[in-house]
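Engineer: This is the structure, below, for whatever I ask next.
The values are calculated or read from the model by the stated rules, or taken from the named source; none is laboratory data. This one's a predicted model, so the numbers in the text were calculated from it and none came from an experiment. Cβ placement follows ideal geometry from the backbone for every residue including glycine, while neighbour counts extend to all protein chains displayed. Each accessible area value is taken on the protein alone, full model and side chains, heavy atoms only, with ligands, DNA and RNA left out. Shrake-Rupley method; radii C 1.70, N 1.55, O 1.52, S 1.80 Å.
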Amino acid sequence: MDSYLQTLNEPQLEAVLNTDGPCMLIAGAGSGKTRVLTYRIANLIQAHQVDPFSIMALTFTNKAAKEMRGRIEKVVGSDARNLWMGTFHSVFSRILRAEAHHLGYPNNFTIYDTDDSKSLIRSIVKEMGLDETLYKVNTVYNRISSAKNRLLSWQDYLAHPLIMADDASNMKPEIGNIYKAYALRCFKSGAMDFDDLLFNTDKLFKEHLEVLNKYQHRIKYILVDEFQDTNLCQYFIVRKLAAVSQNVCVVGDDAQSIYGFRGADISNILNFEKDYPDLRIIKLEQNYRSTKTIVGAANSVIAKNKAQLPKNVWTANDEGTPIDLIKSVSDNEEGKLVASSIFEEKMQHQYKFSDFAILYRTNSQSRAIEEALRRMNIKYKVVGGVSFYQRKEIKDVLAYLRFSLNQQDEASFRRIINLPKRGIGDTTIDKIIVAANDHAISIWEVVQNANSFLGGRTSAPIDDFVTKIKRFGIEIQNKDAYEAAAEIAKSSGLLKELYEDKTVEGLSRYENVQELLNAIKEYVEDPEKEDKSLGAFLQEVSLVTGQDENKDNDPDKVTLMTIHMAKGLEFKNVYIVGLEEDLFPSQMMLSSRAELEEERRLFYVAITRAEKKLFLSYALTRYRFGRLKNCEPSRFLDDVDKCYIKVSSKLGGVDSTPNPNYAKSLISGMKKTISSAPIQKTTAYKPAIDFTPSDTKGLLEGMKVEHPKFGFGTVIKLEEVGPERKAKINFTDFGEKTLLLSFAKLKIHEN
């Protein structure tokens, strides 16, 4: 037996050696599916002498394809370069390059990226004289993309009564005609967008059977990775290509099907056996990644789903430590507890920061986490996005706030003058800047007198802009930071524009702006902030964003990402935060059992990213849309078998004690817990004017201390955490707190 085959367990070996006929590999999390897929291809080439030119391996990312090709090349050599291997789009664009003339396209057709497609749609909407605020580019683009993924041409779309009725009910009856114009313009330009690469491949095989027959006999073996993520179009293409040889091997895990919002259809993997009655099903159930505790917890969660393929994932790894359930009073407190926990875990177990990942359901949740990590000087990176205060929609709102406060801010002026669009183009903006320079005056003086400096009809929208900014200035003078910011975000039109964009991206951007307003609300309500003005808040934010710009190449950073982005990755320690009803599961995914089960699969994916230790976290209160909202712990906490959990012994702490009835008792006693928790006190202690922190090197247990926020207390316990010292202190008015002495400002008093 070849040496690489000796590393496989029995089911993996069966999957590699049985190469003929239809086969489905149900690969549990951490079961080594990439290795199996790699060795299966290597075995085809090496042991069965299959020509690499007749093997097609389809993946969902270029990274996965590159990794697999590299592994195969180590076994079989340079022959691996001859495989039909890559993403669906890259492999089928290769076929279309050779066969596009059958569809009336040139063989050197242009491929439009997303920006190209949206630009063309924007032009069509304008040419048709449609309301651009109603027919938003993202909405139309996603509607057309969804249609193509369901194999609906523009002709099918216009002829479909239910689709047309749906568009009409959404006040967008012209989307079908936009789709028609868009498709015809692409064809006329000899261009295909990303969706066309699949849509036209299916069309090619359906309308030109001689072409399909050629590739059916050329491609003898087809392998598909992450099969649970395929859409209808991808499924049909694969089925057509494999119709002759029947040598199709699909690899996937229905429990990790989490991309329904992108068009992925879980029924492709659940019903695969119906298309191939003689299908060989091999289950890869041994998990090599996680501890027994984590694997058991994940199994107990996914068992609650009804639509699934049966399997029993297990591991021979160590038992591992129980899962920590961190409960906190607020989202800000959650961030602090998570940051403190990471610091302590790192010091106690000599981990690197890169051994930690914080996963959340929505991008907007990163704000509180980021700020807590910064306060503790813990480096981090946001994967699949940008740091909260660097996101476009956040910078747009901040620019409005800054310019409303300071009309000399040219950078903010350039950003907002035509945002939302008010018919002021780059030429007009340049004229304003030139006029200000020529007359040695500010841009604000120019725009206030636009008619004199610019003349013509361009002055009307500028006059409207000036009126708004002047009114915003009055709001800032008469209101606190939150009231002023909320009014500016609303009256500027930014909130309305984001709210009306119902795409996944649009909803995320809207949530981010709401989270910014939440941050301002919390700033205003923080008893330690004496200056509640918008100017004071913006000054603090400027320091935060300034830190963001200090980029470095240090790889040792905590990873922050959404759970969707985390699929396929693994970390020694994982924190899943925001486990609250209406947040996770999302309130937008509760209208059907299918949606709820996809949310549960998402939770399963999050759990199975962890190798050594898992932390689950939720807050009892969270700011949503500017209001402090009481939160219920997520129903998913009830799904985790109680034997795997240890719960914080008191609110706001990370020390834990077992509690076998944790979830139900937490949900039923939530309101009582919130009202009785001493940390909920909102009236901050006021220290004396001459309050000066002491040197805490000589601090001993039993000493009386004073804190500028928590008042007087007694030191109960001192601990060494690596180079740091922490103290557990019982404060008279705020209860027990555990503080890092390098950060706590304590004044020692005589006993």
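Engineer: From (1) outside any helix (DSSP H, G or I); (2) touching a residue at least 12 places away in the same chain (Cβ under 8 Å), pick out the condition that doesn't hold for GLN348.
Structural biologist: So the condition that GLN348 fails would be (1).
Engineer: With the checklist (1) open to solvent by less than 30 Å² (accessible area, probe 1.4 Å); (2) part of a helix (DSSP H, G or I) in hand, flag the one item ASN299 doesn't pass.
Structural biologist: Here ASN299 clears every test but (1).
Engineer: Also, I was wondering about something else. Any idea which residue in the range 482-525 is most open to solvent (accessible area, probe 1.4 Å), counting only those that are closer than 29 Å to LYS136 by Cβ and among the aromatic types (Phe, Trp, Tyr)?
Structural biologist: So the residue we want is TYR499.
Engineer: Next question. So, in the range 117-133, exactly how many residues are farther than 21 Å from ASP193 by Cα and open to solvent by 50 Å² or more (accessible area, probe 1.4 Å)? Steps first, please.
Structural biologist: Filtering the range 117-133 for residues farther than 21 Å from ASP193 by Cα gives 128-133.
Next, from what is left, pick out any that are open to solvent by 50 Å² or more (accessible area, probe 1.4 Å): 128-129, 131-133.
Selection size over the range 117-133: 5.
Engineer: Can you tell me which residue among GLU333, GLU285, GLU319 is in contact with a Ser or Thr (Cβ under 7 Å, 6 or more places away or on another chain), more than 28 Å from GLU598 (Cβ to Cβ) and of a type in the set (Asp, Glu)? Reasoning before the result, please.
Structural biologist: Working: GLU333 fails: in contact with a Ser or Thr (Cβ under 7 Å, 6 or more places away or on another chain); GLU285 fails: more than 28 Å from GLU598 (Cβ to Cβ).
Being in contact with a Ser or Thr (Cβ under 7 Å, 6 or more places away or on another chain), more than 28 Å from GLU598 (Cβ to Cβ) and of a type in the set (Asp, Glu) holds for just one of GLU333, GLU285, GLU319, which is GLU319.
Engineer: So, in the range 553-592, exactly how many residues are modelled with pLDDT of 90 or more, of a type in the set (Asp, Glu) and out of contact with any strand residue (DSSP E or B) (no Cβ under 9 Å at 6 or more places or on another chain)?
Structural biologist: 1
Engineer: When the residues of the range 449-504 are narrowed to those that are in a helix (DSSP H, G or I) and of a type in the set (S, T, N, Q), which ends up modelled with the lowest pLDDT? Before the answer, list the steps.
Structural biologist: Going through the range 449-504, the residues in a helix (DSSP H, G or I) turn out to be 450-453, 459-478, 481-491, 494-500, 504.
Pick out the ones that are also of a type in the set (S, T, N, Q) and you get 451-452, 459, 467, 477-478, 491.
Working: ASN451: 75, SER452: 74, SER459: 70, THR467: 90, GLN477: 86, ASN478: 85, SER491: 90.
Only one residue fits best here, namely SER459.
Engineer: With ASP278, ASP254 as the choices, which residue is open to solvent by less than 20 Å² (accessible area, probe 1.4 Å), touching a residue at least 12 places away in the same chain (Cβ under 8 Å), within 19 Å of ILE26 (Cβ to Cβ) and among the acidic types (Asp, Glu)? Explain how you work it out, then say what you get.
Structural biologist: Numbers: ASP278 fails: open to solvent by less than 20 Å² (accessible area, probe 1.4 Å).
That would be ASP254, the only listed residue that is open to solvent by less than 20 Å² (accessible area, probe 1.4 Å), touching a residue at least 12 places away in the same chain (Cβ under 8 Å), within 19 Å of ILE26 (Cβ to Cβ) and among the acidic types (Asp, Glu).
Engineer: Select, from LYS240, LYS311, the only residue that is open to solvent by less than 60 Å² (accessible area, probe 1.4 Å), assigned to a helix (DSSP H, G or I), among the basic types (Lys, Arg) and in contact (Cβ under 8 Å) with a residue 24 or more places away in the chain. Please lay out each step first, then the result.
Structural biologist: Numbers: LYS311 fails: assigned to a helix (DSSP H, G or I).
From the options LYS240, LYS311, the qualifying one is LYS240.
Engineer: How many of the residues making up the range 243-276 are outside any helix (DSSP H, G or I) and either in contact with a strand residue (DSSP E or B) (Cβ under 7 Å, 6 or more places away or on another chain) or more than 29 Å from THR139 (Cα to Cα) (or both)? Spell out the reasoning first.
Structural biologist: Initially, the range 243-276 is screened for residues outside any helix (DSSP H, G or I), giving 243-253, 257-259, 263-266, 271, 276.
Among the residues that remain, those that are also either in contact with a strand residue (DSSP E or B) (Cβ under 7 Å, 6 or more places away or on another chain) or more than 29 Å from THR139 (Cα to Cα) (or both) are: 243-253, 271, 276.
Going through the range 243-276 one residue at a time, the tally reaches 13.
Engineer: Inspect the range 404-425 for any residue being polar (S, T, N, Q) and in a helix (DSSP H, G or I) and give the result as yes or no.
Structural biologist: Start the filter on the range 404-425 by keeping residues that are polar (S, T, N, Q), which leaves 404, 406-408, 412, 418.
Keeping just the survivors that are in a helix (DSSP H, G or I) gives 404, 412.
Within the range 404-425 (the criterion being polar (S, T, N, Q) and in a helix (DSSP H, G or I)), the answer is yes, since at least one residue qualifies.
Engineer: Something else now. Identify the single condition in (1) over 30 Å from THR562 (Cα atoms); (2) among the aromatic types (Phe, Trp, Tyr); (3) in contact with a His (Cβ under 9 Å, 6 or more places away or on another chain) that TYR259 does not satisfy, given that it satisfies every other one.
Structural biologist: Exception for TYR259: condition (1).
Engineer: Looking at PHE710, PHE734 in this structure, which one is open to solvent by less than 60 Å² (accessible area, probe 1.4 Å), modelled with pLDDT of 75 or more, touching a Pro at 6+ places or on another chain (Cβ under 6 Å) and within 26 Å of TYR523 (Cβ to Cβ)? It would help to see each step written out before you state the result.
Structural biologist: On the way: PHE710 fails: touching a Pro at 6+ places or on another chain (Cβ under 6 Å).
Result of the check over PHE710, PHE734: PHE734.
Engineer: Right, something else. Identify all residues within the range 101-140 that are farther than 28 Å from MET164 by Cβ and under 33 Å from the mean Cα position of the chain (by Cα); write none if there are none.
Structural biologist: Residues satisfying the conditions are THR110, ILE111, ASP113, ASP115.
Engineer: Out of ILE469, ILE474, I need the residue that is open to solvent by less than 60 Å² (accessible area, probe 1.4 Å) and of a type in the set (Val, Ile, Thr). Which one? Quick ask: steps written out before the conclusion?
Structural biologist: Details: ILE474 fails: open to solvent by less than 60 Å² (accessible area, probe 1.4 Å).
Step by step, each of ILE469, ILE474 is checked, and only ILE469 is open to solvent by less than 60 Å² (accessible area, probe 1.4 Å) and of a type in the set (Val, Ile, Thr).
Engineer: Check ALA147, ALA159, ALA165 and return the single one that is free of Cβ contacts under 8 Å to residues at least 60 places away in the same chain, within 21 Å of GLY506 (Cα to Cα) and small (Gly, Ala, Ser).
Structural biologist: On the way: ALA159 fails: within 21 Å of GLY506 (Cα to Cα); ALA165 fails: within 21 Å of GLY506 (Cα to Cα).
Of the residues listed, the single one that is free of Cβ contacts under 8 Å to residues at least 60 places away in the same chain, within 21 Å of GLY506 (Cα to Cα) and small (Gly, Ala, Ser) is ALA147.
Engineer: When the residues of the range 187-197 are narrowed to those that are within 30 Å of the chain's Cα centre (by Cα) and not in a helix (DSSP H, G or I), which ends up farthest from LYS136 (Cα to Cα)?
Structural biologist: Pass one, the range 187-197, residues within 30 Å of the chain's Cα centre (by Cα): 192-197.
Subsequent filtering for residues that are not in a helix (DSSP H, G or I) retains 192-193.
On the way: MET192: 21, ASP193: 19 Å.
Going through the qualifying residues, I end up with MET192.
Engineer: Let me ask something additional. Every residue in the range 23-35 that is over 12 Å from GLN228 (Cβ atoms) and open to solvent by 10 Å² or more (accessible area, probe 1.4 Å), please.
Structural biologist: Result: GLY30, GLY32, THR34, ARG35.
Engineer: In addition: Scan the range 595-644 residue by residue and report those that are in a helix (DSSP H, G or I) and modelled with pLDDT under 90.
Structural biologist: Initially, the range 595-644 is screened for residues in a helix (DSSP H, G or I), giving 595-607, 635-639, 642-644.
Passing the criteria: none in range.
Engineer: When you go through TYR644, TYR623, TYR618 one by one, which is the residue that is closer than 30 Å to LEU517 by Cβ and open to solvent by 10 Å² or more (accessible area, probe 1.4 Å)? Outline the logic, then answer.
Structural biologist: Working: TYR644 fails: closer than 30 Å to LEU517 by Cβ; TYR618 fails: open to solvent by 10 Å² or more (accessible area, probe 1.4 Å).
The match here is TYR623.
Engineer: Of these, TYR400, TYR389, TYR360, which one is under 25 Å from the mean Cα position of the chain (by Cα), modelled with pLDDT of 90 or more and either buried (at least 21 other Cβ atoms within 10 Å of the Cβ) or within 29 Å of LYS490 (Cβ to Cβ) (or both)?
Structural biologist: On the way: TYR400 fails: under 25 Å from the mean Cα position of the chain (by Cα); TYR389 fails: modelled with pLDDT of 90 or more.
Testing whether each residue is under 25 Å from the mean Cα position of the chain (by Cα), modelled with pLDDT of 90 or more and either buried (at least 21 other Cβ atoms within 10 Å of the Cβ) or within 29 Å of LYS490 (Cβ to Cβ) (or both) leaves just TYR360.
Engineer: Within the range 99-116, restricting attention to residues that are assigned to a helix (DSSP H, G or I) and modelled with pLDDT under 90, which residue is least open to solvent (accessible area, probe 1.4 Å)?
Structural biologist: Result: THR114.
Engineer: I've got another one for you. I'd like the full set of residues that are out of contact with any helix residue (DSSP H, G or I) (no Cβ under 6 Å at 6 or more places or on another chain) and either farther than 14 Å from PHE60 by Cα or polar (S, T, N, Q) (or both), limited to the range 223-237.
Structural biologist: Selection gives LEU232 alone.
Engineer: Among what's in the range 526-543 and is in contact (Cβ under 8 Å) with a residue 40 or more places away in the chain and assigned to a helix (DSSP H, G or I), pick the residue that is surrounded by the most Cβ atoms within 10 Å (Cβ to Cβ).
Structural biologist: Start the filter on the range 526-543 by keeping residues that are in contact (Cβ under 8 Å) with a residue 40 or more places away in the chain, which leaves 527-528, 532-538, 541.
The next check asks that each one be assigned to a helix (DSSP H, G or I); those that pass are 534-538, 541.
Details: LEU534: 27, GLY535: 15, ALA536: 16, PHE537: 23, LEU538: 17, VAL541: 19.
Selected residue: LEU534.
Matching residues to (1) farther than 24 Å from LEU58 by Cβ; (2) part of a helix (DSSP H, G or I); (3) charged (D, E, K, R):
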| site | (1), (2), (3) |
| --- | --- |
| GLU132 | yes, no, yes |
| TYR135 | yes, no, no |
| VAL140 | yes, yes, no |
| LEU158 | yes, yes, no |
| ASP166 | yes, yes, yes |
| ILE178 | yes, yes, no |
| ARG185 | yes, yes, yes |
| PHE199 | no, yes, no |
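Engineer: Do you know which residues across the range 410-466 are open to solvent by 20 Å² or more (accessible area, probe 1.4 Å) and in contact with a His (Cβ under 9 Å, 6 or more places away or on another chain)?
Structural biologist: GLU445, PHE453
Engineer: Give the residues of the range 570-585 that are part of a loop (DSSP other than H, G, I, E, B), open to solvent by 10 Å² or more (accessible area, probe 1.4 Å) and either touching a helix residue (DSSP H, G or I) at 6+ places or on another chain (Cβ under 8 Å) or small (Gly, Ala, Ser) (or both), sorted by residue number.
Structural biologist: First, the residues of the range 570-585 that are part of a loop (DSSP other than H, G, I, E, B): 570, 577-579, 581, 584-585.
Narrowing further to those that are open to solvent by 10 Å² or more (accessible area, probe 1.4 Å): 570, 581.
Answer for the range 570-585, where residues must be part of a loop (DSSP other than H, G, I, E, B), open to solvent by 10 Å² or more (accessible area, probe 1.4 Å) and either touching a helix residue (DSSP H, G or I) at 6+ places or on another chain (Cβ under 8 Å) or small (Gly, Ala, Ser) (or both): just GLU581.
Engineer: Look at PHE227 and say whether it is of a type in the set (Phe, Trp, Tyr), under 37 Å from the mean Cα position of the chain (by Cα), over 12 Å from ILE95 (Cβ atoms) and open to solvent by 10 Å² or more (accessible area, probe 1.4 Å). Can you show your working first?
Structural biologist: Numbers: of a type in the set (Phe, Trp, Tyr): yes; under 37 Å from the mean Cα position of the chain (by Cα): yes; over 12 Å from ILE95 (Cβ atoms): yes; open to solvent by 10 Å² or more (accessible area, probe 1.4 Å): no.
Criteria not met by PHE227.
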